[in-house]
C-alpha cells in the first residue's frame, strides 16, 4: 500500500515537468498550427546548456535558469523565423518534414559536439529526500513540481488578462482570426514559439539535478508532449496540466509494477488509445484543427 | 519511335545491371549496388501509402516484424527462410493491420506520430521478450551456405536477389498507382472529402495501401537479415535505418510518385554510406546533419522532390508509354 | 410527382450553436430545386449533412425511402447522392483522370473507365481538355470538372454548391444551360446559388434558409414576395413569420 502511494507521488512530481514541456508544445501547436517534431530536442538543448553552465562555470542548475530561459526563448524565435515562417503556407506534411529535419540536425549536432555519453550535473541536493507521513519525497522533484505549477499559473494569467495573451488565445480558438491580423500575426507566432520553447526549456533545466542528458533524450519528450496535448486539449492550460500529471503517474506505476523496460511502451500505448478515442482532446475545443490534420 | 528508344534503353540498362557482378568483383562495389537495390525496394514500399498522402516514420516496425519472424523460425525452430519469407510478410502485414486503426481515423501528422510510437513499442517488446528474441543481444544467423538457408559464400546471389526485389516493388508500385486503388489514393491525398463524396471508401483505400506497404517491407526485411547474418532490436527496429532512411529517400526523391523513391535511394544510399564510413569515422552523426539540411532545402525549394525537377523528361516518357498502350 | 429525397427535422450543432436546425423538406424527382440564403445560413452545412461528410445530431434523410442518415459518404454516393464543392479543388491529375476516379468504383478496368469518362467530358464540353492539367483551365472550366466528376458517380440527386459563383456573365451564360441539360438527362438537382437572376431563371422551386432554419419554400415568385425572405436578406428585425 505504501509503495503505491510512494510511486504515485513521485509520478505526480515528474508529471509536473511533463506538463511544463507539454504546455510549450500546446502553445506552439495552438498558435502556429505546426506539429513540431523537434519539440523534445528543445528540452535536450536546454539540458545541455544547463550542463555546460554547471560544468564550465560551476553554476547551479536553478541559477542557470536566468541564462537558459532567455537563450531558449530566442532559439524558439529563431526556429520560427528561419525554419517555420518560410513554409507557413505549405502543406502540413511539408511542415512535418521541416521539423523532422530540425530534430535530426539538433540530435546529431549534439552527438558530434558532446558525443553519446550520459552527462549529469553534480549537486548536493540531487539525491536528497525528506520524509512526509512515511513517504519519501525527492527535493529536486518537489522543486520541479512547484516551479512547473507556478510558471503554468503565470502563463495562464498572462494568456487570460494581458492584451497579447488574449490575442494569442483568440488565434488558438479560431485560426481564421489569424488571417485578419495581417503582419501582426507573424510577431505573435514568433512570440508563441519563443514562449513555448522557453517553457520546454524550463522543464529541461528542472530535470537536470536528478537525471542525465544525452543526444536522443528528447525523443520520448516529443511523444509525451503530444500525448499530453491530445489528452489535455488544444488551448487548455488546466487540461494539459492534469494530463501531464496523469502521464507521470501512469509511467511511474507502469514502470514499477509491469516492467521498467516497458514503461515507455505503456505511454505509447496510451497515446495510440488517446488519439483513437479523442483526436481532438478530452477537454479541448479542437476547432479549426483540421489545418494540422487533426480531424 | 520514342517507345522503341525507351525499350532499347531499358534493355541496355537491364543487361548492364545483370552484368555488373561479372565485371566488378570488388566486394565493396557489389555491396554498394546490393544496398542501393535494397533501399530502392524499401523506399518504394514505404511510398505506397504516400500515394494517398499518408506518411509513416515507423516502417521499422514492419521491417523488424518481418526480420524477426523469419529469423526466429530459422534460428529457434530450424525452419527454412524460404518459408520464413511468407511468415515475415504475413507478420508485417499483421503489424499493418494494427497500425491501420490509427491510420483510418487520423489524418496526416497524427498518423505519423502513431507510426513512430508503434515502432518504438515493438522495439521495446523485442528487447524485453528474451525467450524469443535473445533480448538486446539479438539473434545470429548460423553460416550454413545453401539456397534453402538463403546463405551464400559470395555476394553475387544477393546482388541478384536485391535487384529482383527492387524491380518487383517498382513494378508493383507502378501497377498500384495506375490501378483503381492508385487513383483513389491520389484523389484522397488531394482532397479527402471530395474523394469520399465521389463514392470512394477512402479508409479502405488507405488500408490496402498500408497492407501492400507493410507486407512488402516485411518481405524485403527477411532477405536483408539473411544478407547481414545478425539482427538485434536496435538494428531491426532502427528508427534511423528503416524508418527515417526510406522516408528521407522518398521525400527527397519525390514522395507519392513511382520514380521518386528510386531516384532518392540511388542518390541517398551511396551518400549515406560515404558520410557514415568516410566522415563518420571522424564524426558520427554527420550523415544525419547533412540529411536534415537536404530535407530543409527540399521543403523550401523543391517540395515535389528531385523527381519534379526531372518532370519534363518524365512527362514525355509517360506520353510515349500511354500512346503505346492505346495502339 | 414523387419525392426523391425526404429530409425530416435535420439538426446539426457546432458546440451549442445550431448550424442547421430542424430542417424538413422534400426534393421531387426530376426537379431543379434552388437553395438560397444569406452567408452563414447553413446551406453548405446542409449539403455536408446530406452527402454524409458531417454526421447529423438528429433528424433523418431518406432517398427513395432508404434511410441514409447513418451511412458513410461513399455509400450515399453509391445510393445516388452526388455533389460538387463550393471551392473547386480538382485532384492533381489530368482532367480525364479526375473524371475517371469515381468511375473506378463501377469499372475496374482503366480502359473502360477512360471511355466512360470521355462520354461525361463530352456532356460538359471539356472533351478537348481531357489531357490538360486542371490548373491550366479557367475557373468556369474547373467548375465543369466538378460537375463532370459528380456526374461520373451516376447520381440520382445532384447537389451543386455555387457552380456559378465567381464566373463572369458570359461564363454564367455558358454554364447555366448545363444545369438544365443535366436535369433533362434524368438527374434531380438541388443547388445553392448566390446569383439570384440565374437561380430564379432555372429553378422550379426555391428553398430559403436563414440562421440554420428553413424560412420559406415555394416558386421563385412566391419566395421573392415573401416578407420573411425580404427581411432575412435586408437584415432587419424579422416580424413574426
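Any read-out appearing in this document is the output of simple, stated calculations on the displayed coordinates, not a laboratory observation. Everything numeric in this text was worked out from a predicted model, so none of it was measured. When we count neighbours, we look across all protein chains shown, and the Cβ atoms used for this are built from the backbone with ideal geometry, even at glycine.
Structure above, values below:
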| item | result |
| --- | --- |
| For residues of C:68-77, the mean tally of beta carbons on other chains within 10 Å | 4 |
| Shape call, the stretch A:109-229: gyration tensor on alpha carbons, a/c limit 1.5 | oblate |
| Residue A:166-residue B:136 pseudo-label distance in nm [points 7 Å out on the Cα-to-Cβ vector] | 5.4 |
| Ranked by how many other beta carbons lie within 10 Å on average, peptides B:199-209, B:14-24 from highest | B:199-209, B:14-24 |
| Rg in Å to one decimal, and Dmax rounded to a whole Å, for the stretch B:26-239 via C-alpha atoms | 17.6, 57 |
| Helix A:183-207 axis, angle to chain A major axis (alpha carbon atoms, nearest 10°) | 10 |
| Max mean-square fluctuation residue, GNM over chain A, Cα-Cα springs under 10 Å, options A:104, A:245, A:202 | A:104 |
| 0 to 90° range, to nearest 10: angle between helix C:110-123 axis and chain C longest Cα axis | 50 |
| Where labels lie 7 Å past Cα in the beta-carbon direction, separation of residue C:57 and residue B:175 in nm | 5.1 |
| Contact order relative to length of chain C, as percent, for alpha carbon pairs under 8 angstrom and 6 or more apart | 25 |
| Estimated [θ] at 222 nm from DSSP helical runs (n ≥ 4, -39500 (n - 2.57)) normalised by residues in chain B, nearest 500 | -24500 deg cm²/dmol |
| Kirkwood-based Rg to Rh ratio, the protein assembly as shown, C-alpha trace | 1.00 |
| Two-site FRET efficiency, residue A:82 against residue A:216, from Cβ-Cβ distance with R₀ of 30 Å, rounded to 0.05 | 0.80 |
| Acute angle (nearest 10 degrees) that the helix A:92-114 long axis makes with the longest principal axis of chain A, alpha-carbon atoms | 40 |
| Highest average packing first - A:218-225, B:266-273, Cβ atoms within 10 Å | A:218-225, B:266-273 |
| Residue mean of other protein chain beta carbons inside 10 Å, A:106-116 | 4 |
| Value of [θ]222 nm, deg cm²/dmol, for chain A, DSSP H segments ≥ 4, -39500 (n - 2.57) each, nearest 500 | -24000 deg cm²/dmol |
| Residue C:13 paired with residue A:132, simple spin-label distance in nm, labels 7 Å along Cα-to-beta-carbon | 4.2 |
| Share, in percent, of DSSP beta bridges within the stretch C:3-234 that are antiparallel, nearest 5 | 55 |
| B:71, B:179 arranged by Cβ crowding within 10 Å, fewest neighbours leading | B:179, B:71 |
| Chain A: translational diffusion in µm²/s, Stokes-Einstein, Kirkwood Rh over Cα pairs, 20 °C, 1.002 mPa s | 111 |
| Average partner coverage of B:287-299, which counts Cβ from other chains inside 10 Å | 6 |
| Fewest-first sequence of A:29, A:246 by Cβ atoms within 10 Å of each Cβ | A:246, A:29 |
| Relative contact order %, chain B, counting alpha carbon pairs below 8 Å whose residues are six or more apart | 30 |
| Sequence of B:128, C:210 once ranked by neighbouring C-beta atoms within 10 Å, starting from the fewest | B:128, C:210 |
| Peptide ranges A:152-163, C:103-114, C:84-95 listed from the most packed, as the mean C-beta count within 10 angstrom indicates | C:84-95, C:103-114, A:152-163 |
| Computed E for residue B:156/residue C:87 - FRET, C-beta separation, R0 60 angstrom, nearest 0.05 | 0.60 |
| FRET efficiency estimate (nearest 0.05) - Cβ-Cβ, residue C:118 to residue B:23, R0 51 angstrom | 0.50 |
